[in-house]
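Beneath this line is the structure, given in structure tokens, with notes to follow.
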Amino acid sequence: MGKSKVTPVLTQHLWTFLQARLITVPANGQCAFAAFYFTTVNADSRTTFTAENVYALILANLPNDVAAGLVDPIREICRLYPDRPTPASKEAATAALYEHYQTERRRSVNTKVLTSFWAGPEVLRAMAQHLREPLYHVAEEDANHVAHVQRYYYKDYVLPNGQEHESGCGGPMEDAQVTCPFEHYQTLHILPTIMVLRRTENHFYGVGHHPDTFLRWHAEGDPEFAATIVDPYEWLMEINVITPHEPADIDDMDLNLLDPTDTVNIAMLRRMPMQERLDVAHQR
């Protein structure tokens, strides 16, 4: 894919910039989980699956998230169940919230849910932590596709007892901030995880990629994955080629990986799998 520049006006079309496509998922109130799943597997089949792993992470994090002030259990349980009386204490609210997430964990994503149960920041940041990489939430505000981007990721927090606690976090990005990481993603052949929310429809879409691009970018720098590809793509003979006089390991090369030159980028594409290239992109 040739080089091109991301400009602020293209912020709402990041999936187009990466030669991707929107993936339509069932509109049953749990579209965020379907969009997340189909984006990560690059598929648009309506396979039945559950959000069990994400909710398991939310449940595991909940006590420490409350202790760290990341979750206000009273406010959250009142948002989920606006017709119920307000819990009398933080402990009671946390217990009710735990019961809610247990119920959602067992629920199939093919089941319709209440509007108040639709995925919000608590779920999105858990998705990013489960994924172990940033999750980009592109929210289209109107029919003209004017959009803004939120980024969810994870980090360590310090609890009141001094212990560290890893949990998800995130928030809105300035439009100008979106330009830099996505230019690096394209240059280093990285497929970020993007979910599109069209507020006019109250519906999430996944973002998928052409199979050729999806397979090639994952195979670059990862000979083991490349060896699993059975289709006779011509590029399979072109990627990961290292001549006898070149070091096979990127660490043995006299390169500054933070220097975004063609020489450095090509060396990375031949020697580093996508996840490692993603780490470098964020450092840049």
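The values are calculated or read from the model by the stated rules, or taken from the named source; none is laboratory data. In this text the structure is predicted, and so the values were computed from the model without any measurement. No Cβ is skipped: glycine too gets one built from the backbone with ideal geometry, and neighbour counts run over all protein chains shown.
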Exercise. Out of (1) at pLDDT 90 or above; (2) more than 22 Å from residue 260 (Cβ to Cβ), the odd one out for residue 208 is which?
Worked result: (1)
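Need at least 1 residues that are surrounded by fewer than 16 Cβ atoms within 10 Å (Cβ to Cβ) and assigned by TED's automatic domain parsing to the domain that holds residue 114 per element, so show me which strands (runs of 3 or more DSSP E) inside the stretch 161-216 make the cut, counting only ones lying wholly within it. Break it down into steps so the answer makes sense when it comes.
Details: elements: 164-172, 193-198, 203-209.
Hits in the stretch 161-216: 164-172.
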For this session: Identify the single condition in (1) in a helix (DSSP H, G or I); (2) closer than 15 Å to residue 51 by Cβ; (3) among the small types (Gly, Ala, Ser) that residue 119 does not satisfy, given that it satisfies every other one.
Result: (1)
